[in-house]
Structure formats: structure tokens, C-alpha cells
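Asks: I'd like to ask some things about the structure below.
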Amino acid sequence: MQKLAINKSRKYRTILYGCLIFLTSCIVIIYFNDSNIKYLGFLLILASIYFEFKNNRQFMSAIVLPEADDNCLKIVIDGELSDFWLVKKHIVINGWIYLYVIQQGSNKKLKLWLHKSNFDKQNAIRDLARYLLFAQNN
């Protein structure tokens with residue numbers, strides 16, 4: 001069992017997303033200035049910002065790769081180890097890994113992009129990619 005420590009995601013991504021959504025809301029208000037659609041667009045954009053910041057409260061600090069006979073990942077979220085995570089979809093591209101995992105009992109879902117800079121150790125992304133590409137296909 002190998003534990004891959006993950007650094008906390010950088011805040012500039014969330015700030016950039018918030019700025020882009022705010023810019024979009026300004027454009028919607030300017031374009032639909034004479035109709036009531038501007039209120040609906042503004043509310044949808046505010047809901048998008050709210051759910052984006054709400055989802056970023058959970059902090060995933062580590063991924064525990066399973067033994068050879070087990071096929072479920074274990075993930076440390078907010079300091080608590082939770083297990084029975086199944087990888088539904090994964091994409092491995094050069095220095096990036098996309099993970100879509102579902103917890104079996106509670107049906108919690110995590111979708112995340114991991115870059116090699118997100119890991120504490122330099123080769124941790126290689127270990128995760130090796131697990132996803134070779135162990136998941138068996």
C-alpha cells in the first residue's frame with residue numbers, strides 16, 4: 001500500500017474562475033439590459049459561483065494506492081481516511097491526470113485534475129498513472 005501525498009490546490013485557479021464568471025455576468029447584464037432575462041442570467045451565474053466555492057471546501061490530502069489483490073482506492077479527505085473508491089474514468093496526459101472516482105457505499109463523486117506539481121514527491125504522479133493504466137485494466 002503506497003500513500004501519495006497531495007498539496008493543496010492553489011487559490012489562483014478559484015480566483016481566476018470567479019473573475020471570469022464575474023466578467024461573464026457583466027456581459028450578460030450589458031447585452032440583456034432591456035429585458036428581464038438579465039436577472040435570470042445573473043442568478044444562474046451567482047449560483048455557479050456559489051457551488052464552485054462550496055465544492056472547494058473539501059481538501060483531499062492523499063491517495064492511498066491499494067495492494068495487488070484489491071481494486072479500490074483509499075482517499076484521505078479532510079484528514080479522514082475513506083475507502084471503497086472506484087475509478088470510473090481516468091485520463092492520463094503527459095503531466096496531468098484526470099480522475100473521476102465514486103465511493104461505493106455513499107455514491108460520493110470526485111472529479112479532479114491532478115498535475116505533477118500537486119504531488120509532494122516528484123515520481124508520485126508516475127506511480128498513480130502506472131496504477132491507473134496497468135492495474136485498473138486487469
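The values are calculated or read from the model by the stated rules, or taken from the named source; none is laboratory data. This is a predicted model, so every value here is computed, not measured. As a convention, Cβ positions derive from the backbone with ideal geometry for all residues, glycine included, and neighbour counts pool all protein chains shown.
Asks: For region 109-130, which residues satisfy the criterion of being at pLDDT 90 or above and crowded, with 16+ Cβ neighbours inside 10 Å?
Replies: ALA124, ILE125, LEU128, ALA129
Asks: Next question, about the same structure. The conditions are (1) surrounded by fewer than 13 Cβ atoms within 10 Å (Cβ to Cβ); (2) within 19 Å of ARG126 (Cβ to Cβ), and SER106 fails exactly one of them. Which is it?
Replies: (2)
Asks: Hey, another quick one. Which one is farthest from the chain's Cα centre (by Cα) among residues in region 48-95 that are within 15 Å of ASP127 (Cβ to Cβ) and not aliphatic (A, V, I, L, M)?
Replies: The extreme case among them is GLU67.
Asks: Can I ask one more? Among (1) out of contact with any His (no Cβ under 9 Å at 6 or more places or on another chain); (2) at pLDDT 90 or above, which single condition is ASN55 missing?
Replies: So ASN55 meets the others, but not (2).
Asks: Quick check on ILE63: is it surrounded by 11 or more Cβ atoms within 10 Å (Cβ to Cβ) and at pLDDT 90 or above?
Replies: yes
Asks: Do we have ASP127 as outside any helix (DSSP H, G or I) and either more than 13 Å from the chain's Cα centre (by Cα) or within 19 Å of LYS3 (Cα to Cα) (or both) here?
Replies: Working: outside any helix (DSSP H, G or I): no; either more than 13 Å from the chain's Cα centre (by Cα) or within 19 Å of LYS3 (Cα to Cα) (or both): yes.
No.
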